[in-house]
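Participant: Got a structure here, written out as structure tokens. Questions coming.
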Amino acid sequence: MFGTKRELMVIALRDTDAVADELREALATADERDRPGLERAAALLARTAAVPDSEIRGRWALRQITAAGHTGPADSVHAVKALRRAEPGLSLASAVQLSREAAALRAGEDGHSRS
């Protein structure tokens, strides 16, 4: 079609349901020696699965921006350019959205420490 640009959808992919099923099966047959480790793994998986997609995308974007050597604001024009260089198929709109998610993540990390 003329005059239209193909937009690349940016989604966060997860396979936590399949891993959770495997852990449940392992826990069902686990002996007392293995049970504490499997229970800890299940708790970690549940915590990881609860992370919002925007945070996963923001983490990815921050890694790309940092790897490009950009040290300024994560939602700057230079950061958007770094993202588009890292992923040439990324549209401008997607790169801007990713840079905003990265900036929000960075602001949250700067605002309070993680435990």
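Participant: Could you do me a favour and compute the accessible area per residue for the chain, 1.4 Å probe, result in Å²? Mind dumping the intermediate values first?
Facilitator: Numbers: 8200 Å² over 115 residues.
Spelled out: the 1.4 Å probe surface of the chain, per residue, equals 71 Å².
Participant: Amide H neighbours of Ser91 under 5 Å, counting only residues 5+ apart in sequence or on other chains, H built in-plane at 1.01 Å?
Facilitator: Amide H neighbours of Ser91, under 5 Å, 5+ apart: Leu8.
Participant: Using the Karplus curve 6.51 cos²θ - 1.76 cosθ + 1.60 with θ = phi - 60°, what ³J(HN,Hα) values do you get for each residue of segment 65-74, in whole Hz, with x for Gly and Pro?
Facilitator: For segment 65-74, the Karplus-derived couplings read 5, 5, 4, 7, x, 7, 10, x, x, 6 Hz, x marking Gly and Pro.
Participant: Heavy-atom accessible area of Asp21 with all protein chains present, probe 1.4 Å, nearest 10 Å²?
Facilitator: Only protein atoms counted, so the area is about 80 Å².
Participant: With springs only between Cα atoms under 10 Å apart, run a GNM on the chain and tell me which of Asp17, Asp75, Asp53 wobbles the most.
Facilitator: Asp17
Participant: How much mean residue ellipticity at 222 nm does the chain get from its helices, if each DSSP H run of length 4 or more adds -39500 (n - 2.57) and you divide by all residues, to the nearest 500 deg cm²/dmol? If you can, show how the numbers build up before the last one.
Facilitator: Details: 5 runs with 74 residues, N = 115.
Result for the chain, helices only: -21000 deg cm²/dmol.
Participant: Let me ask another. With Rg and the Kirkwood Rh both taken from Cα atoms, where does Rg over Rh land for the chain? If you can, show how the numbers build up before the last one.
Facilitator: Numbers: Rg = 18.9 Å, Rh = 16.5 Å.
My calculation of the ratio gives 1.14.
Participant: Taking just the alpha-carbon atoms of segment 61-115, what radius of gyration and Dmax come out, in angstrom?
Facilitator: Using the Cα atoms of segment 61-115, the pair Rg, Dmax is 11.1, 36 Å.
Participant: How high is the FRET efficiency between Ala28 and Thr48 when r is their beta carbon distance and R₀ equals 25 Å, given to the nearest 0.05?
Facilitator: Values: r = 21 Å, r/R0 = 0.86.
After rounding to 0.05, the efficiency reads 0.70.
The values are calculated or read from the model by the stated rules, or taken from the named source; none is laboratory data. Keep in mind that what you see is a predicted model, and the values were worked out from it rather than measured. Ideal geometry is used to build each Cβ from the backbone, glycine not excepted, and the neighbour counts take in all protein chains shown. The accessibility values were calculated without ligands, DNA or RNA, using every heavy atom of the protein model including side chains. Shrake-Rupley method; radii C 1.70, N 1.55, O 1.52, S 1.80 Å.
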